[in-house]
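The structure under discussion appears below in the form of structure tokens.
The values are calculated or read from the model by the stated rules, or taken from the named source; none is laboratory data. All of these numbers come straight from a predicted model, not from anything done at the bench. Cβ coordinates were reconstructed from backbone atoms using ideal geometry, including for glycine residues, and neighbour counts include every protein chain displayed. To get the accessible areas, we keep the full protein, side chains included, count just its heavy atoms, and leave off ligands, DNA and RNA. Shrake-Rupley method; radii C 1.70, N 1.55, O 1.52, S 1.80 Å.
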Amino acid sequence: TMLRRGFLVFLPRLAGLLVVACCSVSIVYMLACTPKGDDKQLALPRAHSPTGKEGYEAVLQEREEEHHDYIVSLKKQIAQLKAELQGRNEQLKNVQEQLPDSLDVQLDHSNPAKVQANLLAYLRSQIAKAEVHSGFKLSTEYAVVPFESFTLQKVYQLETGLTRHPEEKPVRKDRRDELTEVIELALGSLNHPEADSNARQRVFTASDFVEGIYRTEKDKGTLYELTFKGDAKHQFKKIVLFRPFGPVMKVKNENVNMADTLINIIVPLAKRASKFRQFMQNFREMGIQHDGRIHLTVVYFGKEQMNEVKSILENTSKSANFKNFTFIQLNEEFSRGKGLDVGARVWKGNNVVLFFCDVDIYFTAEFLNSCRLNTQPGKKVFYPVLFSQYNPSIIYGHHDSIPPLEQQLIIKKETGFWRDFGFGMTCQYRSDFINIGGFDLDIKGWGGEDVHLYRKYLHSNLIVVRTPVRGLFHLWHEKRCLDELTPEQYKMCMQSKAMNEASHGQLGMLVFRQEIETHLHRQKLSSKKT
């Protein structure tokens with residue numbers, strides 16, 4: 001498809017060349033056939049002049065020869081243009097034959113030799129299209145695809161991922177294998193040069209590797225540039241490799257019917273009645289009114305505020321005519337893992353999608369569909385990365401008032417961050433949850449149980465779908481760091497609190513508030529003097 005698009009782009013240029021050629025022929029013809037000016041025009045002899053008839057015939061003969069010469073010249077130019085046009089057509093035809101049709105590469109299995117040739121041609125064309133041999137004009141600095149650098153031990157990266165480390169040993173197996181393969185291939189190229197030489201070649205090893213850089217253009221491939229020590233001081237060997245991406249291949253084409261797929265939202269809770277009231281407003285609008293294929297299970301710990309929570313649930317049930325809910329009360333210390341585990345196992349119906357949720361979560365109807373589409377019994381579980389809201393009092397501190405909640409849920413760097421270190425909100429079929437062994441019930445309180453379950457799925461053969469989603473938000477709430485914590489735990493708690501309060505820039509504005517106010521005051525006095 002990309003090759004066809006390039007061919008279509010070339011066609012207007014060819015048409016333009018034809019137009020220019022025709023215009024050139026017309027201009028030459030007009031110049032040739034236009035009578036010469038009066039100052040250069042030969043005077044015709046008069047009838048009674050001495051030269052008479054002979055002079056008149058001589059002038060006509062001369063003019064006829066001039067026109068004949070011009071016609072011959074025009075015919076030569078037309079023939080040259082036709083020959084050039086024919087040559088361009090042949091070149092275009094050859095290019096079209098050499099460049100493969102991606103559909104042929106993917107689907108035509110009747111001719112394996114052609115498929116292989118087309119695929120090789122396609123991969124070579126990827127190198128030509130990538131920014132390898134020459135640079136491309138870019139619109140802005142944001143269009144640059146940056147390199148990342150690496151040594152034998154470390155990778156220095158701009159996108160730090162979950163570890164947050166700007167430099168690290170490659171943790172992901174695919175990245176380790178990728179860079180190891182590239183270094184080995186470069187060493188093979190150095191130790192087995194293509195040029196025939198009887199001279200004894202030096203043997204390069206991994207210890208000769210100095211550094212490498214690489215970057216990936218998502219639609220073309222990955223470029224690697226590796227530097228090794230040379231034969232003498234200040235001399236180096238440089239190897240450039242390219243891993244081209246092949247054509248897109250169709251893997252599956254299926255209809256997915258989610259009309260009867262029920263989601264059981266399980267919420268563990270202790271106290272926090274006001275937060276539950278806010279949660280139920282969201283649940284009523286998105287779950288009941290917009291979606292409708294939903295069940296709610298509330299597992300409540302203790303008895304404090306229990307009647308208020310039950311009242312909120314029952315009022316929603318009556319006003320929305322909603323009966324698909326279960327309320328379970330446990331007389332024991334709060335344990336998030338225990339609450340979710342009990343809520344999952346108490347279900348007695350058919351296999352159902354479980355959405356483990358907290359009371360300070362806001363979800364949309366679109367997220368509920370994502371929850372269904374990214375789970376499959378015995379095949380896939382869904383671990384969405386939610387967007388965590390900053391403290392609205394800081395975000396909107398310069399406004400007259402904090403806007404309504406729905407207007408706060410905007411995904412921008414000033415309003416929140418992707419909570420990629422959180423694994424508590426997850427969707428999976430009940431059968432997969434039971435088969436994996438459920439939660440570790442020895443973990444008490446809040447935290448730790450989600451990572452334990454997440455690792456169970458990672459260690460299984462199930463596909464774990466991990467992706468940011470635009471319809472799942474963690475609403476800000478104050479984080480309290482208890483005095484009972486050790487100094488190190490208290491420090492970590494405060495760091496976590498700072499990260500949830502505001503962005504780096506907004507926290508900086510708070511730190512330097514006094515300097516900013518002093519500057520504004522000076523500016524105000526200066527303007528009054530002028």
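The residues of segment 245-282 that are within 20 Å of R430 (Cβ to Cβ) and among the hydrophobic types (A, V, I, L, M, F, W, C), listed by number, are V256, M258, A259, L262, I263, I265, I266, V267. The set of residues from segment 295-314 being of a type outside the set (G, A, S) and more than 18 Å from I265 (Cβ to Cβ) comprises K303, E304, Q305, M306, N307, E308. Residues that are open to solvent by less than 90 Å² (accessible area, probe 1.4 Å) and either modelled with pLDDT of 80 or more or basic (K, R) (or both) within segment 72-86 comprise V72, S73, L74, Q77, I78, A79, L81, listed in sequence order. For segment 97-127, the set of residues classified as part of a loop (DSSP other than H, G, I, E, B), more than 18 Å from F245 (Cβ to Cβ) and either modelled with pLDDT of 80 or more or open to solvent by less than 50 Å² (accessible area, probe 1.4 Å) (or both) consists of D108 only. With respect to the conditions (1) surrounded by 20 or more Cβ atoms within 10 Å (Cβ to Cβ); (2) over 25 Å from P268 (Cβ atoms), V381 falls short on a single one, namely (2). R466 falls short on exactly one of the conditions (1) part of a helix (DSSP H, G or I); (2) in contact (Cβ under 8 Å) with a residue 24 or more places away in the chain; (3) of a type outside the set (A, V, I, L, M), and that condition is (1).
When K233 is tested against (1) open to solvent by less than 80 Å² (accessible area, probe 1.4 Å); (2) not assigned by the TED database to the domain that holds V342, only condition (1) is not met. Whether any residue in segment 173-191 is more than 36 Å from the chain's Cα centre (by Cα) and not in a strand (DSSP E or B) is what I want to check. Yes: segment 173-191 contains one or more residues that are more than 36 Å from the chain's Cα centre (by Cα) and not in a strand (DSSP E or B). R277 falls short on exactly one of the conditions (1) touching a helix residue (DSSP H, G or I) at 6+ places or on another chain (Cβ under 8 Å); (2) open to solvent by less than 80 Å² (accessible area, probe 1.4 Å), and that condition is (2). The single condition among (1) in contact with a Lys or Arg (Cβ under 8 Å, 6 or more places away or on another chain); (2) outside any strand (DSSP E or B) that Q329 does not satisfy is (2).
Select from segment 370-410 the residues that are within 30 Å of N257 (Cα to Cα), under 21 Å from the mean Cα position of the chain (by Cα) and not in a helix (DSSP H, G or I) and list them in ascending order. Listed by number, the residues that qualify are N374, F382, Y383, P384, V385, L386, F387. Could you check how many residues of segment 478-528 are in contact with a strand residue (DSSP E or B) (Cβ under 9 Å, 6 or more places away or on another chain) and assigned to a helix (DSSP H, G or I)? Qualifying residue count, segment 478-528: 2. Among residues of segment 123-139 that are closer than 18 Å to I239 by Cα, those with a Cβ under 7 angstrom from a residue that is open to solvent by less than 90 Å² (accessible area, probe 1.4 Å) and among the small types (G, A, S), sequence gap 6+ or separate chain, pair up as A130/G221.
If the condition is being in a helix (DSSP H, G or I) and free of Cβ contacts under 8 Å to residues at least 24 places away in the same chain, then segment 289-309 contributes M306, N307. Determine if segment 250-273 includes at least one residue that is part of a helix (DSSP H, G or I), within 27 Å of L472 (Cα to Cα) and either at pLDDT 95 or above or open to solvent by less than 20 Å² (accessible area, probe 1.4 Å) (or both). Yes. Looking across segment 128-151, just one residue is in a helix (DSSP H, G or I) and surrounded by 15 or more Cβ atoms within 10 Å (Cβ to Cβ), and that is K129. The single residue among K323, K303 that is surrounded by fewer than 14 Cβ atoms within 10 Å (Cβ to Cβ), of a type in the set (D, E, K, R), within 18 Å of V346 (Cβ to Cβ) and assigned by the TED database to the domain that holds L409 turns out to be K323. Exactly one residue among T486, T467 is modelled with pLDDT of 85 or more and more than 25 Å from G339 (Cβ to Cβ), and that residue is T467. Taking segment 389-428 as the range and being in contact (Cβ under 8 Å) with a residue 40 or more places away in the chain and either open to solvent by 80 Å² or more (accessible area, probe 1.4 Å) or outside the structural domain of C371 (by the TED database) (or both) as the test, the residues that pass are K413, E414, W418. In the set (1) touching a residue at least 40 places away in the same chain (Cβ under 8 Å); (2) in contact with an Asp or Glu (Cβ under 9 Å, 6 or more places away or on another chain); (3) open to solvent by less than 20 Å² (accessible area, probe 1.4 Å), the condition left unmet by F367 is number (2).
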